[in-house]
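Student: Got a structure for you, questions after.
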Amino acid sequence: MKHKLLFLVLSLLFISKNVLAYDFEVDGIYYGLETTSMTAYVTGATGSGGGYSGNIIIPSKVTYNTKELDVTAIHNKAFYGCNISSITIPNSIVSIGESAFYVYFHWIQ
């Protein structure tokens, strides 16, 4: 019984993390908060892109709860499947996650 309860709790945590994959949003860009370094990373609203489109400009700094944070990373799948025209990436970005810019095509026959 304890194992089933633990599995249920862990499953709910996993599901809730995938549903809400960001900590805050500023000017249409979704960010996660890296609490150990007090920096921010770009992510998608749902963990898979968040519906970004058009021209994206990532700032080098962003304000969250009155604190100015450096934006240092683009998270896994941040722009996954999005229809972006261009993206400006600041020098503050030191890492880009797996499949951050993955684009898939839907072929119609």
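Student: Is there a residue being over 22 Å from V103 (Cβ atoms), out of contact with any Leu (no Cβ under 8 Å at 6 or more places or on another chain) and at pLDDT below 90 anywhere in the stretch 18-26?
Tutor: yes
Student: Run down I84, I58 and say which single residue is at pLDDT below 95, of a type in the set (A, V, I, L, M) and out of contact with any Leu (no Cβ under 8 Å at 6 or more places or on another chain).
Tutor: It is I84.
Student: Return yes when V103 is under 17 Å from Y22 (Cα atoms) and either assigned to a loop (DSSP other than H, G, I, E, B) or modelled with pLDDT of 95 or more (or both) and no when it is not.
Tutor: Spelling it out, it is not the case that V103 is under 17 Å from Y22 (Cα atoms) and either assigned to a loop (DSSP other than H, G, I, E, B) or modelled with pLDDT of 95 or more (or both).
The values are calculated or read from the model by the stated rules, or taken from the named source; none is laboratory data. Computed from a prediction, not measured in an experiment: that's the story for all the values here. All Cβ positions, even for glycine, are placed from backbone atoms using ideal geometry, and neighbour counts span all protein chains on display.
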